[in-house]
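Here the structure is laid out as structure tokens; the discussion comes afterwards.
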């Protein structure tokens, strides 16, 4: 394709002002400022060979002109593995951080500023320990949520700690129980979890009160953690011989004075981070919780693992905890450029339309970097797409509670 730009460089404009060259802009003036960035309007003449198919060439319009309707995107060279992002977002109903920025006046904030300005403001306010917006609504009673998926690498711990941090930044009181012997949630929340530290193991196996092993987060007010140590790796073997072994965590949580309390110091959320398995530790969590929060990676294997998890949930409901329900599903590692992510999102929404959060968590290097600094992405880079997405996901999750305490969309 050959494009010829007719270039005319007058000595001065009609108003007597010189025309400055050197930035690669076509030099023929057609009028005053365009009304956008103040650049003078310029005209471009394109010569397209007759043999070039017309549908393969976008209309050539100077980036200073106001005729947006003349811009027609070129899609013929797009890989069949990808699709234009707006098309995928419209088809799947999944919002990423970029979509949130585009919908900012209606979704993210009432501030009339630009998305970049809001991101910078959010970053500064978080670093000063203040909130960007008003507090999140408090539930009528403590919500005990189990973050589980037996498939590893789908973002369980990442979602648990970042949603907990986002809820705490929204003015709620949140307790994170690290039930994974790896202790990754404890690491991300800057909580010491070396051998000998009072931990989940002491509450499960030794029967120690949960209130005695809770540690406050050093970074976020209102966030508390029960750490996990390597001792927890042997807990499943030790629990086998105990009576009512599957209910020990439930009893420990219900005995905590700030769970299901009525005072201002009541815990609003208890998030239990489970290991990537369906053993006794995860079983204890399913018996202890009232709701399930399931992170699903936007790939096929995650769908296969979801079916196995739901079978286990049905068994627990039938025999051990009839109140357990799947209330929240969050799509993680979502790549809006690929048809695979869109296909997985469609499959999940088809079967769990009411439980899937509209906000998807995008792939983000910042989310992966944050734990190496002992932080969540909410404090490591508050203005990043990952942080903004978790912030909106937490707001969705908190706003789904009806005045009577029921959860909108939850399956019994």
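The values are calculated or read from the model by the stated rules, or taken from the named source; none is laboratory data. Keep in mind it's a predicted model, so treat the numbers as computed, not measured. Cβ sites come from the backbone with ideal geometry, for glycine too, and all protein chains shown count toward neighbours.
One line per residue, one yes/no per condition, for (1) more than 25 Å from residue 135 (Cα to Cα); (2) in contact with a helix residue (DSSP H, G or I) (Cβ under 7 Å, 6 or more places away or on another chain):
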{"site": "160", "(1), (2)": "no, yes"}
{"site": "170", "(1), (2)": "no, yes"}
{"site": "188", "(1), (2)": "no, yes"}
{"site": "193", "(1), (2)": "yes, yes"}
{"site": "200", "(1), (2)": "yes, yes"}
{"site": "214", "(1), (2)": "no, no"}
{"site": "222", "(1), (2)": "no, yes"}
Original post:
Which numbered condition trips up residue 366, out of (1) at pLDDT 90 or above; (2) not in a helix (DSSP H, G or I)?
Top reply: (2)
**OP:** Examine the range 206-213 for a residue that is in the same structural domain as residue 266 (by TED's automatic domain parsing) and surrounded by 24 or more Cβ atoms within 10 Å (Cβ to Cβ), and state whether such a residue exists.
**Re:** yes
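Table: residues versus (1) in a strand (DSSP E or B); (2) over 26 Å from residue 267 (Cα atoms).
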position: 296; (1), (2): yes, yes
position: 303; (1), (2): no, yes
position: 306; (1), (2): no, yes
position: 328; (1), (2): yes, no
position: 378; (1), (2): no, no
position: 390; (1), (2): no, no
position: 394; (1), (2): no, no
**OP:** Mind telling me which of the residues 305, 289 ends up being over 22 Å from residue 141 (Cβ atoms), out of contact with any helix residue (DSSP H, G or I) (no Cβ under 8 Å at 6 or more places or on another chain), buried (at least 17 other Cβ atoms within 10 Å of the Cβ) and assigned by TED's automatic domain parsing to the domain that holds residue 244?
**Re:** 305
Original post:
Does residue 267 qualify as being outside any loop (DSSP other than H, G, I, E, B) and within 24 Å of residue 174 (Cβ to Cβ)?
Top reply: no
Original post:
Has the range 339-354 got any residue that is in contact with a strand residue (DSSP E or B) (Cβ under 8 Å, 6 or more places away or on another chain), crowded, with 22+ Cβ neighbours inside 10 Å, part of a loop (DSSP other than H, G, I, E, B) and on the phi < 0 side of the Ramachandran plot?
Top reply: no
Subject >> So residue 195, is it assigned to a loop (DSSP other than H, G, I, E, B) and either crowded, with 22+ Cβ neighbours inside 10 Å or touching a residue at least 12 places away in the same chain (Cβ under 8 Å) (or both) >> reply: yes
Original post:
If you check 353, 298, which single one turns out to be touching a helix residue (DSSP H, G or I) at 6+ places or on another chain (Cβ under 6 Å) and modelled with pLDDT under 90?
Top reply: 298
**OP:** Examine the range 256-264 for a residue that is within 21 Å of residue 398 (Cβ to Cβ), in a strand (DSSP E or B), in contact with a helix residue (DSSP H, G or I) (Cβ under 7 Å, 6 or more places away or on another chain) and in the same structural domain as residue 170 (by TED's automatic domain parsing), and state whether such a residue exists.
**Re:** no
